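The values are calculated or read from the model by the stated rules, or taken from the named source; none is laboratory data. Please read these numbers as outputs of a predicted model, since none were measured by experiment. All Cβ positions, even for glycine, are placed from backbone atoms using ideal geometry, and neighbour counts span all protein chains on display. Side chains are part of the model used for accessible areas, which takes the heavy atoms of the whole protein and leaves out ligands, DNA and RNA. Shrake-Rupley method; radii C 1.70, N 1.55, O 1.52, S 1.80 Å.
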Amino acid sequence: MTEEQLNRALDLMRRLPPQQIEKNLSDLIDLVPELCEDLLSSVDQPLKIARDKKEGKDYLLCDYNRDGDSYRSPWSNTYDPALEDGTLPTDKLRHLEVEANAAFDQYRQMYFEGGVSSVYLWDLDHGFAGVILIKRAGDGARNIKGCWDSIHVVEVQEKSTGRSAHYKLTSTVMLWLQTSRPGSGTMNLGGSLTRQMEQDGTVSEPTSHIVNMGRLVEDMENKIRHTLNEIYFGKTKDIVNGLRSITTLADQKQKQALRDDLANALQKRQGKSDP
Amino acid sequence: MAETRDEQISDQEKVRIASDFIRHAPPGEFNEVFTDVRVLLNNDTLLKEGVAGAFALYNKDQLTPVKLPNASIPSLVTEHNDIGGGRFFDPRSRQSFKYDHLRKEASDLQPWEPDMLVETWREALETQFTEYTANHYKHGVCAVFAQSRSDCMSLVACIEDHQFQPKNYWNGRWRSQWCATLSGGSGELQGTLRVQVHYYEDGNVQLVCSKNVKHSLTSSNEVETAKEMVRLIEESESEYQLAINDNYQTMSDTTFKALRRQLPITRSKVDWEKIISYKIGKEINKTQ
């Protein structure tokens with residue numbers, strides 16, 4: 001029964017307006033408390049920012065750096081509020097995590113020219129997994145609030161030779177746009193798209209993983225950015241304009257009739273001039 | 001939210017949550033949301049007793065079109081033609097009907113008496129408004145209601161148009177609701193325009209728009225007032241649609257571009273080997 005309930009809950013989250021994700025998720029957990037852990041780990045929420053006072057840097061919160069009600073900073077590797085024995089990556093993994101954070105920090109600057117990023121890694125049986133988070137809020141120019149949230153979860157399966165690995169990436173990008181203006185009232189265009197990609201990569205040293213993950217994430221984000229552009233500003237706009245026509249449908253019929261007449265006339269002319 | 005994650009919330013809270021979910025179902029997806037909620041609530045008695053009210057509220061809020069078995073032109077289910085006991089009236093065909101909110105069907109048709117004090121005004125507006133709807137909404141359904149009050153007359157005109165394409169993972173609906181209050185040659189026209197689009201192939205993207213409009217009216221006779229109202233409505237709705245399109249342009253040209261570039265300023269993808277070696281270089285410099 002619980003598996004069916006989880007499927008129904010996920011279906012519901014795909015249908016309810018994403019503008020209220022947090023409230024919907026909170027209500028859902030209240031309604032079916034047994035699903036709490038499953039829901040928190042499988043429903044993407046807009047990323048929250050916290051401040052690492054020690055290091056003077058911002059970091060992002062998600063289920064992967066959460067332990068109880070505390071969150072681990074990727075900069076100082078400590079929990080806030082403090083935890084006596086919170087889950088920490090092994091030393092070897094932590095070293096890679098530090099490198100990954102630095103690398104993706106640069107990636108973020110090059111593509112987003114601002115925002116916050118965080119990378120969290122954890123061990124698996126034959127490899128490791130990680131989440132790369134990026135949050136970029138707009139500056140509110142032209143009276144439009146915008147925000148981009150990236151959640152990339154990558155699973156790295158190291159091959160027994162140690163010379164290559166298989167990377168499986170599941171990415172969700174959330175895009176939020178809202179405006180309130182006299183002409184158009186309140187307009188709220190938001191939500192997310194999810195995609196999956198996988199590929200193999202050669203591994204010559206531990207940091208090769210960062211190169212391989214980086215390339216995969218970059219390609220994925222570029223693809224999703226393109227699709228977001230098409231869906232948000234193409235598809236949904238076309239749907240709106242399909243619901244109501246600014247020009248009267250009588251006018252449109254007239255224009256179409258004129259177009260048909262012209263086409264027929266052209267065809268007849270071509271027929272005459274052919275040898 | 002419950003104190004601890006294991007604590008059960010009250011039945012009343014469950015009903016509130018279930019009703020909220022139902023009322024936020026995107027256009028065209030009521031059945032799917034209903035089924036989800038039914039399985040999650042896991043209590044059909046509570047569903048029937050506590051949540052059934054939400055079905056009616058949803059349908060009325062959505063301006064749900066309804067086909068009457070003996071009328072060629074469909075009507076709408078709204079708060080303005082709700083006469084209680086699960087019955088609504090259709091002023092166009094002068095009938096009342098029982099409405100099944102789950103099956104979305106009309107039955108038990110009875111004759112309905114219009115309010116003769118305002119019926120000529122209502123009919124005049126209905127004629128103009130129906131032509132307007134046909135001119136701008138390919139599959140639009142409209143309905144006009146009128147009510148006489150002690151000191152004024154109120155006219156309500158609604159339009160609903162939708163496109164449901166679940167096989168292509170999208171649905172959309174436009175709703176217009178215009179209310180005119182007239183008294184002694186003048187009045188006010190107030191409109192609420194709402195658009196909602198849901199796209200859900202490998203994701204969940206929704207457009208939710210709403211706008212309130214106000215105009216002052218001078219009323220002479222039935223036909224002239226109706227024409228004036230429709231003129232203002234057409235103007236407002238087209239202006240609204242143009243403004244939405246304008247926003248789309250700005251959102252894509254300005255806002256979206258400023259969030260993430262297509263490529264870095266170098267015009268080529270990131271050199272990841274370089275990024276790694278740069279960091280290592282910094283580390284080496286640190287230890288020196």
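Some notes on this structure:
- Only lysines eight or more places from A:Lys23 in sequence, or on another chain, were considered; those with a Cα closer than 16 Å are A:Lys48, B:Lys14.
- Projecting the Cα positions of B:Gln147, B:Asn70, B:Phe164 onto the charge dipole of the protein assembly as shown (unit charges on Cβ atoms of Lys, Arg, Asp and Glu, taken about the Cα centre) puts B:Phe164 furthest along the positive direction.
- Rounded, prolate or oblate (a/c below 1.5 giving rounded, otherwise prolate when a/b exceeds b/c) for region B:68-172 by Cα gyration tensor: oblate
- Separation between Cα centres of region B:190-246 and region A:128-199, rounded to whole Å: 33
- Taking the charge dipole of chain A about its Cα centre, with +1 at Lys and Arg Cβ atoms and -1 at Asp and Glu Cβ atoms, the residue from A:Ser192, A:Leu83, A:Gln270 reaching farthest to the positive side is A:Gln270.
- Percent accessible area from carbon and sulfur atoms, region B:11-62, protein chains only, probe 1.4 Å: 43
- Of A:Met213, A:Ala250, A:Ile132, farthest towards positive along the dipole that unit charges on Lys, Arg, Asp, Glu beta carbons give chain A: A:Ala250
- Non-local lysine pairs in region A:89-242, meaning eight or more places apart or on different chains, with alpha-carbon distances under 23 Å, amount to 11.
- Across chain B, the longest piece that holds none of the GluC sites (Glu not before Pro) lying in DSSP loops with up to 14 other C-beta atoms within 10 Å covers B:8-200.
- Couplings for region A:85-92, taken from phi via the Karplus curve 6.51 cos²θ - 1.76 cosθ + 1.60 with θ = phi - 60°, read 9, x, 4, 10, x, 4, 3, 4 Hz in order; Gly and Pro are left as x.
- Helix runs (DSSP H) in chain B reaching 15 Å along axis by Cα, Kyte-Doolittle at least -0.5: B:30-41
- In a DSSP loop and with at most 12 other Cβ atoms within 10 Å, the trypsin sites (Lys or Arg not before Pro) in region B:99-182 are B:Arg103, B:Arg149.
- Solvent accessible area, Å² - B:Thr266, 1.4 Å probe, full protein context: 90
- Under the convention that each Lys and Arg Cβ holds +1 and each Asp and Glu Cβ holds -1, the size of the dipole of region A:102-215 around its Cα centre is about 580 debye.
- Prolate/oblate/rounded call for chain B, Cα gyration tensor, a/c under 1.5 rounded: oblate
- Our coupling estimate for region A:15-25, obtained by passing each phi through the Karplus curve with A = 6.51, B = -1.76, C = 1.60 and θ = phi - 60°, is 10, 5, x, x, 4, 10, 3, 4, 5, 4, 5 Hz, Gly and Pro reported as x.
- Between helix A:208-230 and chain A there is an angle of about 30 degrees, using the helix long axis and the longest principal axis of the Cα atoms.
- Peptide-level mean, for B:164-175, of C-beta atoms on other protein chains within 10 Å: 2
- Here's the list of aspartates and glutamates a cross-link from A:Lys268 could span, going by alpha-carbon distance under 16 Å and ignoring same-chain residues fewer than 8 apart: A:Asp260.
- Dipole magnitude for region B:110-226: computed about the Cα centre from +1 point charges on Lys and Arg Cβ and -1 point charges on Asp and Glu Cβ, it is near 500 debye.
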